[in-house]
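Colleague: Pasting a structure here, questions to come.
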Amino acid sequence: MTESTHTNQETVQVLDALANVLKQRRHACAEDSYVASLHHKGLNKILEKVGEEATETVLAAKDAEHGGDQERQALIAETADLWFHSLVMLSHLDLDHQRVLDELAKRFGISGHDEKASRTQR
């Protein structure tokens, strides 16, 4: 595994910049923007893309387990697609990526088993 060359600040800047692009393109012309075309097709199409990318990510992970650099890079690319389409989904629902980051931050220091159990009680 390699260390990231990005700082936390740079990572946040990437997410913020992407969120701004998604916001700008949400109401753009569907013929001019892939993101706009997804929004115009509606939530079900966006969810279909999230599901498709999730499946492709799972398959790439299976290949990466025993593969080399090419398979690992394919997994990175598929995960990026999954994250991107997840961000489009959040944008479509007027939710911000920061809320997801905040939720993840809340979970630090909490046992994964305890956190999962608390979700089933909500």
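Colleague: Looking at region 83-94, which of its residues are open to solvent by 70 Å² or more (accessible area, probe 1.4 Å) and at negative phi?
Modeller: Residues satisfying the conditions are 83, 93.
Colleague: Do any helices (runs of 4 or more DSSP H) lying entirely in region 1-74 carry at least 3 residues that are among the charged types (D, E, K, R), and which ones are they?
Modeller: Result: 8-26, 43-66.
One line per residue, one yes/no per condition, for (1) under 21 Å from residue 21 (Cβ atoms); (2) surrounded by 15 or more Cβ atoms within 10 Å (Cβ to Cβ):
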site: 46; (1), (2): yes, yes
site: 49; (1), (2): yes, yes
site: 55; (1), (2): no, no
site: 64; (1), (2): no, yes
site: 78; (1), (2): yes, yes
site: 81; (1), (2): yes, yes
site: 103; (1), (2): no, no
site: 111; (1), (2): no, no
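Colleague: Still on this structure, I have one more. Can you find even one residue in region 78-85 that is at pLDDT 95 or above, among the aliphatic types (A, V, I, L, M) and touching a Ser or Thr at 6+ places or on another chain (Cβ under 8 Å)?
Modeller: Within region 78-85, one or more residues are at pLDDT 95 or above, among the aliphatic types (A, V, I, L, M) and touching a Ser or Thr at 6+ places or on another chain (Cβ under 8 Å).
Colleague: Which condition does residue 96 not pass, out of (1) within 16 Å of residue 19 (Cβ to Cβ); (2) acidic (Asp, Glu); (3) over 13 Å from the mean Cα position of the chain (by Cα), if it passes all the others?
Modeller: Looking at each condition in turn, residue 96 falls short on (3).
The values are calculated or read from the model by the stated rules, or taken from the named source; none is laboratory data. Owing to the predicted nature of the structure, the values given are computational and were not obtained by experimental measurement. Backbone-built Cβ (ideal geometry, glycine too); neighbour counts: all protein chains shown. Heavy atoms of the whole protein, side chains included, go into the accessibility calculation; ligands, DNA and RNA do not. Shrake-Rupley method; radii C 1.70, N 1.55, O 1.52, S 1.80 Å.
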